[in-house]
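Presented below is the structure to which this report refers.
Rule-based calculations on the coordinates, nothing more; no lab input. This one's a predicted model, so the numbers in the text were calculated from it and none came from an experiment. Here the Cβ positions follow ideal geometry from the backbone for every residue, glycine too, while neighbour counts run over all protein chains shown.
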Amino acid sequence: MTDKDQQPWQWPEAHWRRILNQARAGRALRPQSWPDGARCAFALSFDSDHETNELRDGGKSIGRLSWGQYGARVGVPRIAALLARHDVRASFYVPAVTALVHPDEQRALADAGHEIGIHGWIHELNSGLSYEDEMDLMLRSSDTLTEITGKRPVGLRTPSWDFSPSTLRIQKEMGLLYDSSLMADEDCYELLLDGEPSGVIELPVEWVRDDAVYFMMNRFQAQRPYTPPTDVFDIFRREFDAAYDEGGIFQLTCHPHIIGYRSRIWILDELIRHAKARGPVWFATHEEVVRWAKAHAT
C-alpha cells in the first residue's frame, strides 16, 4: 500500500513530516524599531486581477470580464488618486496578462513609486501545475513585468494565495527576496524549505485582512457574502490598532475591482487617516518592509 492509498491517519511519520516541511515558518523577523521612530509599519497592497479573474478558468463571460475591466478603468485610478492625496506608497501584485492588457497602468504606478510584484501569468492556481509549468510561468511573468515597468520584481504573491509544493523552491531558484501568500505569523519570517532556511522572507497575509471575503459574490453560484462597509472598516481598524499597540506590521490586501467602488473606497481613506492620527506610522511597500525587517531583526 502506497501513501496515496492510505488515509491521513495511516500515514507514516516521515510522510506527514515531509508535507509539513515543504514550506514552514522559520525565525521571526520583528525589528526593534521602524524607520524614523515609527510605532508600526503599514503595508498596503492591491491584487490587480482585472480580467484574469474570469480568464484563468477558461471563462468567457462578457459581464464578468467587464467587472474586471472596471478594476482598471475606475478602481486603479481612484486608488492611485487616494494614495497620492495621502502620500502613501503601496504594492500592486499584477498577473502578467493584466500587465499586457493594461501596460500604461503598471508604468504609471511604478513611476509614482509603487511596487509592482508577481501575481502569476493569468491568475492560475499553482497547485494544479507541474514544477516545470510553474517555473515557466513565473519566469515569463517576471520578464513581462520587467519589460513593462523597467524594474525586475523582487516579490511574489501567488494567485488566490495558492502555494504549491514547488513554489518556494522556485522562488529560491529565482532569487526572489520575499513572498506574501502565507499565514503563519503577523510579523515577517524566513521561510524554511525542507527544514533549511531558504533565504526567502514571508510578509504574511490573512483572509481577515482581505476585502474579497467580505464583498465578493457570484450571481451564478452560492457565493454571496456581503458585510456592510462600516463593519469592514471596523475589522480593519481593529487589526491596525492591535498592530500599532504591538509595534508590528499592519498588512492589508485589497482588489481594485472590489474596493474601488464609491461606497467602499472611503474605508481606505478613513483607515489611513486613522493610522496617521494614532501617531508615527511608516507607510511602505512590501519590499521596503521586508528589507527593513530582514536588516533590523533582533
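Could you tell me which residue out of Phe92, Gly120, Ile79 lies farthest along the dipole of the chain toward its positive end? Charges go on the beta carbon: Lys and Arg +1, Asp and Glu -1, centred on the Cα centre.
It is Ile79.
Between Ala81 and Lys294, take the C-beta separation as r, use R0 = 41 Å, and let me know the FRET efficiency to the nearest 0.05.
0.80
Shape verdict for region 134-284, please, from the Cα gyration tensor: rounded (a/c under 1.5), prolate (a/b greater than b/c) or oblate.
Working: a/c = 1.83, a/b = 1.40, b/c = 1.30.
Prolate, since a/c reaches 1.5 and a/b exceeds b/c.
Each label point is 7 Å from the Cα along the Cα-to-Cβ direction; what then is the distance between the points at Gln7 and Arg152, in nm?
In this crude spin-label approximation the distance works out to 5.0 nm.
Does region 95-160 classify as rounded, prolate or oblate by the C-alpha gyration tensor (a ≥ b ≥ c root eigenvalues; a/c under 1.5 gives rounded; else a/b over b/c gives prolate, otherwise oblate)?
Prolate.
Report the extension gain between Asp231 and Ala277 in nm, rounded to one decimal, defined as 0.36 nm multiplied by the number of residues separating them, less their alpha carbon distance.
Once the chain is fully extended between Asp231 and Ala277, it gains 14.5 nm.
Based on the mean of other beta carbon atoms within 10 Å per residue, what is the order of 87-99, 57-69, most packed first?
Highest to lowest by the protection proxy: 87-99, 57-69.
Within region 253-288, name every residue whose backbone N is under 18 Å away from a label modeled 7 Å from Cα of Asp104 along the Cβ vector.
Once the point is set 7 Å along Cα→Cβ of Asp104, nothing inside region 253-288 turns out to lie under 18 Å by backbone N.
For Glu246 paired with Arg18, estimate the spin-label separation in nm (one decimal), with each label point 7 Å from Cα along the Cα-to-Cβ line.
Going by the 7 Å Cα→Cβ label model, 3.5 nm.
Rounded if a/c is under 1.5, else prolate if a/b is larger than b/c, else oblate: which is region 1-107, with a ≥ b ≥ c the root eigenvalues of its Cα gyration tensor?
Note, shape of region 1-107 comes out oblate.
Any idea what the dipole of region 39-179 comes to, in debye rounded to 20, about its Cα centre with Lys/Arg Cβ at +1 and Asp/Glu Cβ at -1?
On the way: 15 positive and 20 negative charges, 113 e Å.
In total the dipole reaches around 540 debye.
Using 0.36 nm times the number of residues separating Val74 and Met217, minus their current alpha carbon distance, what extension gain do you get?
Taking Val74 through Met217 to full extension adds about 49.6 nm, to one decimal.
Between Ser127 and Glu196, what's the calculated FRET efficiency when r is the beta-carbon distance and R0 is 25 Å? Round to 0.05. Present the calculation step by step, with values, prior to reporting the outcome.
Values: r = 23 Å, r/R0 = 0.90.
The pair Ser127/Glu196 has a calculated efficiency of 0.65.
Compute for region 253-298: radius of gyration divided by Kirkwood radius, i.e. Rg/Rh, restricted to C-alpha atoms, rounded to two decimals.
Details: Rg = 14.0 Å, Rh = 12.7 Å.
When Rh is taken as the Kirkwood radius, the ratio is 1.10.
Helix-only estimate, please: 222 nm mean residue ellipticity of the chain, summing -39500 (n - 2.57) across DSSP H runs of length 4 or more and dividing by its residues, to the nearest 500.
-12000 deg cm²/dmol
Specify the residue with the greatest mean-square fluctuation among Val154, Val232, Val213, computed from a Gaussian network of the chain linking alpha-carbon atoms under 10 Å apart.
Highest fluctuation among the options: Val213.
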